[in-house]
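One structure is given here, and the rest of the page talks about it.
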Amino acid sequence: MYISSFHFGEKGNELYIKLNNNSIDEQGTLWDDAIKAYKNNINIMIMLDGIYSSLFSKFDAYYNLLYEFLNDKRYITGIDIDIHEIVRLDDIKLLITRLKKDFGNNFIITMSPSASSMIYDMPGIGNFIYKDLYNSDEGKYINWYNVQSYDEYTFDIYDSIIKNGYTPDKIGFGLLGNNFNSNSMITVSNELSKIKLKYPNITGCTLWEYGETNINPIEWAIQI
């Protein structure tokens with residue numbers, strides 16, 4: 001389960017980390033619910049999204065906020081590095097290295113590239129090539145990629161990613177819920193069945209996003 005999205009910012013001389021538009025502490029029953037889910041063997045992940053220019057401009061200070069937050073909530077088992085702005089690959093490697101050093105080998109790190117950047121080895125939204133990261137020393141710390149296949153959700157897309165040199169256990173397949181409804185989910189299920197038949201160790205699939213989609217997320221999870 002991913003909780004999103006977390007952002008860094010600065011107001012006056014004060015640096016902060018927040019969840020959407022509210023402070024981390026102003027989240028109603030969210031954290032209590034997360035603890036209950038964790039106790040039922042559900043991985044609790046957070047997503048960092050749209051904050052990387054701030055993070056890397058004052059890395060030590062912002063990373064310390066992230067460290068304190070994760071250290072305080074040890075039931076959070078991992079983080080998704082979702083990049084939608086231009087960054088340096090070396091900065092991403094630095095973030096990955098620090099997370100593994102500080103939180104250990106059991107801490108899960110995922111990323112969410114677009115399908116096209118995984119098929120064609122072209123710079124994605126972050127302006128770096130994911131294959132370069134995948135083949136690097138830091139790439140081994142990435143548990144899997146939640147590939148955003150929002151324009152076309154088919155066996156052929158997934159197959160093309162694997163044929164480009166990625167292993168199925170590292171590639172999850174993400175769909176945009178608003179592109180489908182309960183009836184068209186039959187098509188999604190058929191495509192996933194074909195993928196599972198050829199690649200039985202596919203790491204899984206994701207739905208973006210709970211609460212803002214045409215698909216009932218509970219029915220979707222049961223069906224999948």
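The values are calculated or read from the model by the stated rules, or taken from the named source; none is laboratory data. Note that the structure is predicted; figures quoted are calculated from it, not measured. Neighbour counts run over all protein chains shown; Cβ positions are idealised from the backbone, glycine included. Note: areas computed on protein heavy atoms with side chains; ligands, DNA, RNA excluded. Shrake-Rupley method; radii C 1.70, N 1.55, O 1.52, S 1.80 Å.
Tell me, which helices (runs of 4 or more DSSP H) wholly within segment 120-224 include 1 or more residues that are in contact with a helix residue (DSSP H, G or I) (Cβ under 9 Å, 6 or more places away or on another chain), at pLDDT 85 or above and surrounded by 15 or more Cβ atoms within 10 Å (Cβ to Cβ)?
On the way: elements: 130-134, 155-163, 185-198, 217-223.
Correct list: 130-134, 155-163, 185-198.
Suppose the filter is among the hydroxyl-bearing types (S, T, Y) and farther than 21 Å from L207 by Cα; does T77 pass it? Before you say what the answer is, go through the steps one by one.
Values: among the hydroxyl-bearing types (S, T, Y): yes; farther than 21 Å from L207 by Cα: no.
Here the answer is no, as T77 does not meet what is asked.
Inspect segment 83-97 for any residue being surrounded by 18 or more Cβ atoms within 10 Å (Cβ to Cβ), at pLDDT below 95 and not in a loop (DSSP other than H, G, I, E, B) and give the result as yes or no.
No.
Here are the criteria: (1) part of a helix (DSSP H, G or I); (2) open to solvent by less than 30 Å² (accessible area, probe 1.4 Å); (3) among the acidic types (D, E). Tell me which single one D60 does not satisfy.
(2)
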